[in-house]
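Chemist: There's a structure below that I have some questions on.
Derivation of every value follows stated rules applied to the coordinates shown; laboratory data play no part. Quantities reported herein were computed from a predicted structural model and do not represent experimental measurements. Virtual Cβ from ideal backbone geometry, glycine too; neighbours counted across all protein chains shown.
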């Protein structure tokens, strides 16, 4: 159900705030917050503004591009671990996890295969695999 329908049902007295909130999958307090935002700014006020903002902690695009270009030009075929060691000696400040993720997202370094679940000796005995 859309917010406008629940809101009009509440305005016309067909629904209580709790019932309207339940139809939208919200708690009553969230529905009241939505009412305030809707009354102030209309449907635009209901848009979650966090989704349209870039994180303050996100690395600049040019830094990511420079890193991947450096790997492509001079270090192609190196593992993420070896490239990170070189990067640290060259004055880089990013973490190993960030470097590895940037290289993996660019398709330059393959992700490691998932580890298989190990079956202990008790489970093997139960399964008949001795």
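Chemist: Tilt of helix 80-89 relative to the longest C-alpha principal axis of the chain, in degrees (0 to 90, nearest 10)?
Modeler: Compared with the principal axis, the helix lies near 80 degrees.
Chemist: Can you match semi-axes √(5λ) of the Cα gyration tensor in Å to one of these, (i) 24, 19, 16; (ii) 50, 31, 11; (iii) 32, 17, 12, based on a calculation from the structure here?
Modeler: It is the value labelled (ii).
Chemist: Mind putting together the pair-distance distribution for the stretch 1-52? All Cα pairs, 5 Å bins, whole percent per bin, short to long.
Modeler: P(r) for the stretch 1-52, in whole percents per bin: 5, 23, 30, 26, 11, 3, 1.
Chemist: Further question: Multiply the residue separation of residue 29 and residue 82 by 0.36 nm, subtract the distance between their alpha-carbon atoms, and state the gained length in nm to one decimal.
Modeler: On the way: separation 53, 0.36 × 53 = 19.08 nm, distance 5.25 nm.
Gain on stretching residue 29 to residue 82: 13.8 nm.
Chemist: What is the angle, in °, between the Cα long axis of helix 61-74 and the longest principal axis of the Cα atoms in the chain? Nearest 10 is fine, range 0 to 90.
Modeler: Here the helix axis deviates by roughly 20 degrees.
Chemist: Sticking with this one: So how tilted is helix 96-105 from the main axis of the chain? Cα-based, degrees 0 to 90, rounded to 10.
Modeler: Computed tilt is about 80 degrees.
Chemist: Give me 38, 31, 83 sorted ascending by neighbouring Cβ count inside 10 Å, so fewest comes first. Intermediate results must be reported in sequence, preceding the final value.
Modeler: Details: 38 16, 31 21, 83 24.
Listing 38, 31, 83 from fewest to most nearby Cβ atoms yields 38, 31, 83.
Chemist: Quick one: which of 99-107, 54-62 comes out on top by average Cβ neighbours within 10 Å, and what's the full order, highest first? All intermediate terms of the calculation are to be shown ahead of the outcome.
Modeler: Details: 99-107: 16.0, 54-62: 7.7.
Those peptides, ordered most packed to least, come out 99-107, 54-62.
Chemist: Only Cα pairs under 8 Å and at least 6 apart count here; give the relative contact order of the stretch 3-52 as a rounded whole percent. Don't skip to the end; give the middle numbers.
Modeler: On the way: 30 pairs, mean separation 11.1, N = 50.
Computed value for the stretch 3-52: 22 percent relative contact order.
Chemist: Counting just the Cα atoms, what span does the stretch 61-105 cover along each of its three principal axes? Round to the nearest Å and put the largest first.
Modeler: Principal extents (largest minus smallest coordinate, Cα): 21, 21, 17 Å.
Chemist: Mind giving me the nanometre distance, one decimal, between the label points for residue 73 and residue 111, set 7 Å out from Cα along Cα→Cβ?
Modeler: So the label points at residue 73 and residue 111 sit 3.0 nm apart.
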